[in-house]
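Here is the structure we will look at, set down as structure tokens.
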Amino acid sequence: MNAAFLPLNFLARHGRLVLVAGLVVGIVFPTLARSLQPLIPQAAALMLFVTALRIGPREALGRLSQMRTSLGAVAVFQVAVPCLFAIVFKMIGFHGPVANAIVLATTAPPISGSPNLVILTGNDPAPALRTLIAGTALLPLTIFPAFILWPDFGDAGAVLHSSFRLLALIAGATALAFLIRAYLLRNPAPPTLTAIDGLSVLAMALVVIALMADFGPALIDRPGLLALTLVAAFALNFGLQLFVFAGIRLTGLSDGHDVAYAIPAGNRNIMLFIAALPAALTSPLLLFVACYQIPMYLTPLLLGRLYRRKSVD
């Protein structure tokens, strides 16, 4: 085995614990977390690149029927779910930062690391990558129903620039990875795939450290609010994952990729909107964003047994 692969192999073998360590580091060292925040776009691009490199173009693009399934998932995840939340919240008069965060998060496409999380549970990440690509590409269209039903967000046009920029990032990173797989790495050996997995874990750990900057100060200054926000973040993330996972299995619609659709359902790129919407709206959401990272990166650890059992059924 190439000695250069040893650190990456170690990260791949202990990926779930490395992500937990990233959460802890981001909470304990908020100054370090803030210093890493400028690197989030580069780390996100690296996650996309290594995921596409590992999967390859044939598996990522799939058959036409598989892409139709991904488009259906996008319609449910990014249109039906946020609209349902918006309608229910308006009916019961529930407003404020948590309501805004829930509707906004469910309007967002899956996080760029969702295929990596699927890999860490031992399942095929290709459907998650297809859902990520389709969800990001269609975001300029899918945001409007929720924004109309939930006018607290203001003008949906403010999000379009950031969504197109994210789409360009995904397209560039994916295209480069597919070119390398087509011409330089056609049939990677298992040790090479393990090293690629380790590189994706490293990128995810850097991102989670950076996103936890607001958690540590809130733990000291606003513990009650932090506890309530954390409960809401866990309920939204794990609730959506488990609902989709169970729903697919109970309805008999499973194509063997329940986990690859469940994980993107709960793990959404709410950070996309933080940069695009007015600061007066997004500043109160930063604590929710920090709390939301915890169920995201604990998914392989806390739901891993359920998801791994599915992978060997």
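Worth a mention:
- Stokes-Einstein diffusion for segment 166-258, with the hydrodynamic radius set to the Kirkwood value over Cα pairs and evaluated at 37 °C in a medium of 0.692 mPa s, equals 186 µm²/s.
- Accessible surface area normalised per residue over the chain is 44 Å², counting heavy atoms of protein chains with a 1.4 Å rolling probe.
- Per-residue [θ]222 nm for the chain (sum of -39500 (n - 2.57) over DSSP H runs n ≥ 4, rounded to 500): -24000 deg cm²/dmol
- Projected-area mean, the chain, by convex hull of Cα positions, square nanometres: 15.9 nm²
- When the Gaussian network model of the chain links Cα atoms closer than 10 Å, the mean-square fluctuations of Met67, Met212, Met204 top out at Met67.
- Using a probe radius of 1.4 angstrom, the carbon and sulfur fraction of the accessible surface of the chain is 71%.
- Hydrodynamic radius of segment 40-140 per Kirkwood, over alpha carbon pairs, in Å: 14.8 Å
- Within the listed set Leu138, Leu185, Leu240, the Gaussian network model of the chain (springs between alpha-carbon atoms below 10 Å) gives the highest mean-square fluctuation for Leu185.
The values are calculated or read from the model by the stated rules, or taken from the named source; none is laboratory data. Given the structure is predicted, the values throughout are model-derived calculations rather than measurements. Ligands, DNA and RNA are stripped out before the accessible areas are found, and what is left, the full protein with its side chains, is counted by its heavy atoms. Shrake-Rupley method; radii C 1.70, N 1.55, O 1.52, S 1.80 Å.
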